[in-house]
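For reference, the structure is listed below as structure tokens.
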Amino acid sequence: MKRSIERLVAQMTLEEKAGVCSGGDFWHLKGVERLGIPAVMVSDGPHGLRKQEQEGDHLGVNDSIRAVCFPTACATAASFDTGLLETLGRVLGAECRAQGVGVLLGPALNIKRSPLCGRNFEYFSEDPYLAGQLAAAQIKGIQSQGVGASPKHFAANNQEYHRLTCSAQIDPRTLREIYLAPFEAAVKAARPWTVMCSYNKINGEQVSESKALLTDILRGEWGFDGYVMSDWGAVNDRVKGLCAGLDLEMPASGGSTDRQIAAAVREGRLPEAVLDRAVERILDVIFRYADGQGAAEFDLQAHHELAVRMARECAVLLKNEGGVLPLGQRTRVAFVGEFAQKPRFQGGGSSHINAFRAESAWEAARGRYEVQYAKGFSAGGDEADEALMREAVELAAGCGAAVVFAGLPDSFECEGYDRSHMRLPGCQNELIRRVAAVQPNTVELPWADEVPAILELYLAGQGAGRAAVELLFGEANPCGKLAETFPLRVQDNPSYLNFPGNGDTVEYREGMFVGYRYYDKKEAPVRFAFGHGLSYTSFAYSGLRADKTAVRDDEPVTVRLEVTNTGARAGKEIVQLYVADCTGAEVRPEKELKGFVKLELEPGETKTAEFVLDRRSFAWYDPQRGSWTCASGRYGLLAGASSRDIRQRVEIELTCTDPKPYVVDANSRYDDLLAQPALREFMLRLLEKEYPPAPPA
Ligand code: BGC
């Protein structure tokens, strides 16, 4: 049905219009019955459906319907697989449709500035390109089901400490290149129906009142055509927010802010046209959902199987000395740690899913493999229990291998607060040390130097346990890579001196040097590099080439290379393409990720990885011009198995069609002027005139 939203708005009273600009309750928008406008429901996200039918809360306290908990974003990011994210989105969209939910509140694509952010498990990466591509894929999947997505939290919500009040102090170039870039990519590529603005301020301005962000950049530059909603309670000054482009306030305000809007219109402080425009945007999205169609039901069990498959695709094999993994099918293996029986597979807060089942590693392995279990420590705390430890160490000593299932207790990591350190509980440290001493084949520990193998599962959803077993025993081959750097110590992290800030101000003094951009520039050692991940097979890279060696910045460059599976079993390889600016025109990171491909290869098989680069792949954001700029000159194209394992490199010569104007003034230096090709001849003549060669003696 093609309806005229404008006509509908024209029939609404001022109070009705002001009313639809805030929630009806915790999870519903307001409808207008007499005009056939339904009260649409929204729900969290982002890695499952958290539909609350009873009393609402945004802390994950009250129960929601039984649903499927898929791997969280920290895990799915490690898949580097846009297809997987699109499937996840499609499945979540179908669950929403079947449950009458019109907008899923996610994905969350804030940058992992510090490993201590309490909500990092909901976020994808330290790299804006990766985060943007993955988020776009998930949004496309959700919206393919006629359900809206709500990429959040726009923008620079990179910590939980004082998240409602703090101001992120970020220079304009860093803001664009690191913190806005994932949103820009997602908005442009996937056209989300809604965007959720964050609680915090940026450079002293409340995001929910920022016309620059919510209107000029989001709509004007990026073409966003849906509605902006507030994070739950992020509204400060309602009328100011509406003027800035904040259409919908969530949750309900009890009518108080509706009255403020109506009064502002009556008193001439708010043009009615501004209100009308917000209402049109909200109604437009309401009817995209209401007029659409989609799944009427979904199969929980089938989605559980999918959750297992996804968890398998996300796990990262960090270390595997001497090929200790996969474990032999007939090896007697000790499973140590309560997480083997009670997996922790998601984080706390508004994303908490009421998982209808959770498959533990113990449940998945028992009866199929020679496994024995010892609790060793309790999953919920950090108190050491001598008797439990002794029992675990004894079991490990008597087996052919031991797998310690280590991880954080729930209380260590949650929405609402940050972590104060990166360590595991002391009792787990101690147990691992003791087990490693009696059993050299000990796996899944964070002590990289003391153990032969580490398999990182992240918070991989309700299928994590089975996925772990399939990977440990080699039924599946690990194929994830890290979407973040593991530093040696938290103190090495570039944000360390300025996280989480001072009172209500947090200075992003590391600028654009976030994650590997910093460690690379400093040539600093790290525990595990961005993009690192092993496989039970091996891959060789060859033949890196660009389709042109000299290129203008307004034409695409296609880059290809061959990847061969040189091992004995099938596997998947994530090939990363980084661009290095060698022009010297501007301060840049050593290299930046600008493409990635995941290839599935049989033993001996070769496939071609292909990447297409465009102007943006070479550009930096120039605050003086207020636009993305690149310089003419040489650029390196680096194909890597990780950011620290660059296998192939070629260079191309780029010609910039819109170079930054070179401004000459009274302080310009001779050598700089001589370096300008357009000025060189002139400068040489000038110099000759001013300093004529001395006459021969
Ligand atoms: C969170 C959002 C969430 C909302 C609704 C807020 O506290 O920051 O991510 O979507 O609550 O639960």
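The values are calculated or read from the model by the stated rules, or taken from the named source; none is laboratory data. None of the values given here were measured: they were computed from a predicted structure. Quick reminder, even Gly has a Cβ in these numbers, built from the backbone with ideal geometry, and neighbours come from all protein chains shown.
Look at (1) touching a helix residue (DSSP H, G or I) at 6+ places or on another chain (Cβ under 7 Å); (2) closer than 14 Å to residue 650 by Cβ and you find that residue 620 fails only one, number (2).
With more than 13 Å from the ligand (Cβ to nearest atom), in contact with an Asp or Glu (Cβ under 6 Å, 6 or more places away or on another chain), in a helix (DSSP H, G or I) and closer than 24 Å to residue 299 by Cβ as the only criterion, which of 84, 92 stands out?
Working: 92 fails: in contact with an Asp or Glu (Cβ under 6 Å, 6 or more places away or on another chain).
Checking each option against the conditions leaves just 84.
If you check residue 160 against the conditions, is it within 16 Å of the ligand (Cβ to nearest atom), modelled with pLDDT of 95 or more, acidic (Asp, Glu) and not in a strand (DSSP E or B)? Here the answer is yes, as residue 160 does meet what is asked.
If I ask for residues that are away from the ligand (no atom under 16 Å from the Cβ) and crowded, with 24+ Cβ neighbours inside 10 Å, which ones from the stretch 115-129 would you list? Write out each step before concluding.
Filtering the stretch 115-129 down to residues away from the ligand (no atom under 16 Å from the Cβ) leaves 115-116, 125-129.
Matches in the stretch 115-129: 125, 126, 127, 128.
Search the stretch 227-242 for residues being part of a loop (DSSP other than H, G, I, E, B) and under 21 Å from residue 26 (Cβ atoms), and hand back the single one that is farthest from the chain's Cα centre (by Cα). Break it down into steps so the answer makes sense when it comes.
Initially, the stretch 227-242 is screened for residues part of a loop (DSSP other than H, G, I, E, B), giving 231-237.
Remaining after also requiring under 21 Å from residue 26 (Cβ atoms): 231-236.
Values: 231: 18, 232: 21, 233: 23, 234: 22, 235: 25, 236: 27 Å.
For the stretch 227-242, the residue satisfying everything is 236.
Considering only the stretch 35-43, I want to know if a residue exists there that is without any contact (Cβ under 8 Å) to a residue 12 or more places away in the chain and more than 15 Å from the ligand (Cβ to nearest atom). Checking the stretch 35-43: at least one residue is without any contact (Cβ under 8 Å) to a residue 12 or more places away in the chain and more than 15 Å from the ligand (Cβ to nearest atom). Looking across the stretch 582-612, just one residue is touching a residue at least 60 places away in the same chain (Cβ under 8 Å), farther than 17 Å from residue 646 by Cα and part of a strand (DSSP E or B), and that is 601. Against the conditions (1) more than 16 Å from the ligand (Cβ to nearest atom); (2) in contact (Cβ under 8 Å) with a residue 24 or more places away in the chain; (3) in a loop (DSSP other than H, G, I, E, B); (4) surrounded by fewer than 23 Cβ atoms within 10 Å (Cβ to Cβ), residue 257 satisfies every one except (3). Here residue 261 meets the list (1) in contact with an Asp or Glu (Cβ under 9 Å, 6 or more places away or on another chain); (2) farther than 30 Å from residue 438 by Cα almost entirely, failing just condition (1). In the stretch 565-578, the count of residues that are surrounded by fewer than 20 Cβ atoms within 10 Å (Cβ to Cβ) and in a strand (DSSP E or B) is zero.
Yes/no per residue for (1) in contact with a His (Cβ under 8 Å, 6 or more places away or on another chain); (2) within 30 Å of residue 306 (Cα to Cα); (3) surrounded by fewer than 22 Cβ atoms within 10 Å (Cβ to Cβ):
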{"position": "435", "(1), (2), (3)": "no, no, no"}
{"position": "453", "(1), (2), (3)": "no, yes, no"}
{"position": "458", "(1), (2), (3)": "no, yes, no"}
{"position": "462", "(1), (2), (3)": "yes, yes, no"}
{"position": "467", "(1), (2), (3)": "no, yes, no"}
{"position": "473", "(1), (2), (3)": "no, yes, yes"}
{"position": "490", "(1), (2), (3)": "yes, no, yes"}
{"position": "499", "(1), (2), (3)": "no, no, no"}
{"position": "509", "(1), (2), (3)": "no, no, yes"}
